[in-house]
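Notes follow once the structure below has been shown.
Only the coordinates and a few stated rules stand behind these numbers; no lab work does. Nothing here was measured: the structure is a model prediction, and the numbers come from that model. Please note: Cβ atoms are built from the backbone with ideal geometry, for glycine as well, and neighbour counts cover all protein chains shown.
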Amino acid sequence: MEKLVSSWFNNKTLPQSYIFPPETRPGNHIIPRSNTIPVIDLGNASAHDRTLVVQQILKASQEFGFFQVINHGISEDLMNDTMNVFKEFFELPAEDKADLYSEEFNRPCKLYTSSANYDGDKVHLWRDSLRHPCHPLEECIKIWPQKPTRYREIVAAYSIEAKKLGSRILDLISEGLGLDLGYFGDKLSESVVISVNHYPPCPDPSLTLGIAKHCDPSLLTILLQGDVFGLQVLNDDKWIGVEPLHNAFVVNIGHQLEVVSNNRLKGAEHRVVTNSTVARTTAAIFLNPSEDCIVEPAKSLIGADESPVYRAFKFKEFLYNYVKMGGNSEKSLEPFKLHG
Ligand code: OGA
Ligand code: NI
């Protein structure tokens with residue numbers, strides 16, 4: 001518990017173990033906060049502009065691997081309640097969170113700091129995180145935090161809505177790829193996990209990171225970013241900042257969608273920088289395949305002029321390798337690539 005950044009960050013100097021090597025630290029560069037990352041209006045998706053929305057999503061997923069959605073159907077009240085209950089969780093007195101703190105890799109609902117393998121970290125990350133499954137709700141809600149008192153009620157409502165939104169986006173993606181409707185609906189997106197990140201103000205944001213460069217192991221990620229900047233995406237070897245937009249969600253393509261789309265869609269690398277003035281809280285909902293789900297390039301995308309880039313594998317095989325490779329994007333997919 002005392003390892004949590006939020007327990008000691010007031011000390012004011014950045015401990016050596018949080019200092020990234022020069023080649024991966026963010027430095028003092030000014031990173032443009034770009035409006036190049038597409039903002040897609042989902043309010044259009046039910047009308048005659050559905051085809052346009054499908055095209056926008058597909059283009060964004062091919063070029064950036066990232067986009068934001070507005071008019072997505074999740075109410076502003078629910079978004080605010082959810083963000084507030086997460087902030088309140090991290091503000092609870094230590095004794096109310098102590099039972100949830102764990103350094104055990106496989107504990108399903110846990111509060112931890114840095115990465116899932118604190119002792120194995122080369123450099124620690126400037127973040128605390130609360131992580132738990134969200135589906136099926138009746139089963140997993142029992143292990144969620146009991147404080148703040150409205151946590152379970154609000155996060156239950158939120159996770160149901162976020163899964164629905166994710167499924168809607170996956171349907172639009174499958175339409176864009178020319179896959180059968182509902183292609184992603186079953187086992188490929190069955191597991192829903194939330195990861196709530198909390199990044200306290202940091203004494204030297206130029207030397208450390210909240211999350212190091214990675215690509216999500218998920219199928220699709222839906223991020224509630226809040227209103228504090230910190231997320232950066234690598235595009236054409238340059239970092240660009242993802243502008244916090246009021247009432248928008250950030251959506252990104254995970255490694256599993258790269259595989260299913262046979263590399264048509266891009267799982268973009270991203271990282272989180274810290275800031276010295278305000279705490280930042282974000283919540284990522286990962287739509288993942290179930291552990292035993294077979295992931296492979298969609299058969300209908302493979303034809304005379306296109307051979308599969310990946311072999312079929314079980315999602316748990318992928319996860320095992322992802323963790324072993326420390327989330328390194330190239331190496332995470334390497335064992336599943338078909339060569340020649
Ligand atoms: C993640 C992630 C971004 C953020 O949790 O995988 O990339 O802004 N989070 O917190
Ligand atoms: Ni991520």
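Would you mind stating whether D204 is of a type in the set (D, E, K, R), without any contact (Cβ under 8 Å) to a residue 12 or more places away in the chain and farther than 15 Å from F249 by Cβ?
no
List every residue pair whose Cβ atoms lie under 9 Å apart, where the two residues are 6 or more positions apart in sequence or sit on different chains, the first residue falls within the range 211-224 and is closer than 17 Å to L188 by Cβ, and the second residue, located anywhere, is within 7 Å of ligand 1 (Cβ to nearest atom).
From residues that are closer than 17 Å to L188 by Cβ, the pairs are D216/H270; D216/A284; S218/A284; T221/A284; I222/A284.
Is it true that some residue in the range 220-229 is more than 14 Å from ligand 1 (Cβ to nearest atom) and assigned to a loop (DSSP other than H, G, I, E, B)?
Checked against the condition, which is being more than 14 Å from ligand 1 (Cβ to nearest atom) and assigned to a loop (DSSP other than H, G, I, E, B), the range 220-229 yields no hits at all.
Any chance you could count how many residues in the range 235-294 are in a strand (DSSP E or B), away from ligand 2 (no atom under 16 Å from the Cβ) and under 29 Å from A312 (Cα atoms)?
Here the count works out to 1.
Within the range 195-219, count every residue that is more than 10 Å from ligand 1 (Cβ to nearest atom) and more than 23 Å from V123 (Cβ to Cβ).
Number satisfying all stated conditions: 1.
Just checking, which of V250, V260 is within 20 Å of L58 (Cβ to Cβ) and more than 16 Å from ligand 1 (Cβ to nearest atom)? Step through it out loud before you land on a result.
Working: V250 fails: more than 16 Å from ligand 1 (Cβ to nearest atom).
None of the others qualify; the one that does is V260.
If we keep just the residues of the range 12-49 that are in a helix (DSSP H, G or I) and touching a residue at least 40 places away in the same chain (Cβ under 8 Å), which is surrounded by the most Cβ atoms within 10 Å (Cβ to Cβ)?
If we take residues in the range 12-49 being in a helix (DSSP H, G or I) and touching a residue at least 40 places away in the same chain (Cβ under 8 Å), then Y18 is surrounded by the most Cβ atoms within 10 Å (Cβ to Cβ).
Can you tell me which of G230, G178, G182 is surrounded by 22 or more Cβ atoms within 10 Å (Cβ to Cβ) and not hydrophobic (A, V, I, L, M, F, W, C)?
G230
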